[in-house]
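Contents: one structure, followed by commentary.
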Amino acid sequence: MKIRKPPFTLAEVQSFNEYQKAGIMHEYTCGKRDDHVENSVLFAKEDGLFCPTCDYRQDNVLEWLMNDEWKKYEDWFTKLKENGFKEE
Ligand SMILES: [Zn+2]
């Protein structure tokens with residue numbers, strides 16, 4: 001799968017942040033989340049992915065999460081979950 005690195009466009013930031021809230025697959029989470037119990041779901045800005053709680057940041061993101069492509073599969077993932085599919 002292709003990887004995107006910053007700087008991200010505003011459209012990419014929006015696509016990623018919508019994905020993080022959609023709850024269809026596992027979100028990107030903080031690499032230091034074991035150190036804090038607060039929110040660890042990363043959010044995108046134009047210069048990278050950031051943890052809302054600590055100073056953790058990440059630069060590598062799957063391209064299909066940044067260009068709205070994931071939305072094509074949203075219904076499909078919803079269907080899987082309705083039928084009892086579980087991640088891991
Ligand atoms: Zn964190």
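Any read-out appearing in this document is the output of simple, stated calculations on the displayed coordinates, not a laboratory observation. Everything quoted here is computed from the prediction, not taken from an experiment. Because the Cβ atoms are built from the backbone with ideal geometry, glycine has one as well, and the counts that use them run over all protein chains shown.
Using just its DSSP H runs of length 4 or more, each adding -39500 (n - 2.57), the chain gives a mean residue ellipticity at 222 nm of -7500 deg cm²/dmol after division by all residues. Compared with the alpha-carbon gap, the fully stretched path from K32 to I3 is longer by 8.3 nm at 0.36 nm per residue. Working from label points 7 Å from Cα in the Cα-to-Cβ sense, the K79 to N60 distance is 3.2 nm. With a cut-off of 9 Å between beta carbons, the residues surrounding F8 carry a summed charge of 0, where Lys and Arg count +1 and Asp and Glu -1. Mean-square fluctuations from a GNM of the chain, with a 10 angstrom spring cutoff on Cα atoms, peak among D59, D34, D68 at D34. Of the trypsin sites (Lys or Arg not before Pro) found in the chain, those in coil by DSSP whose Cβ has at most 10 other Cβ atoms within 10 Å are K2, K86.
Using a Gaussian network model on the chain with a 10 Å cutoff between Cα atoms, which of E74, E38, E63 fluctuates the most? Result: E38 has the largest fluctuation of those listed. Compared with the direct C-alpha span, the chain from E69 to A11 gains 19.7 nm at full extension, assuming 0.36 nm per residue. A Cα-only calculation for the chain places Rg and Dmax at 13.5, 39 Å. Highest mobility in the GNM of the chain, judged by mean-square fluctuation with C-alpha springs under 10 Å and restricted to F50, F16, F77, is found for F77.
Taking amide hydrogens as placed 1.01 Å from N in the peptide plane, the amide H of K45 sits under 5 Å from those of F50, each at least 5 positions away in sequence or on another chain.
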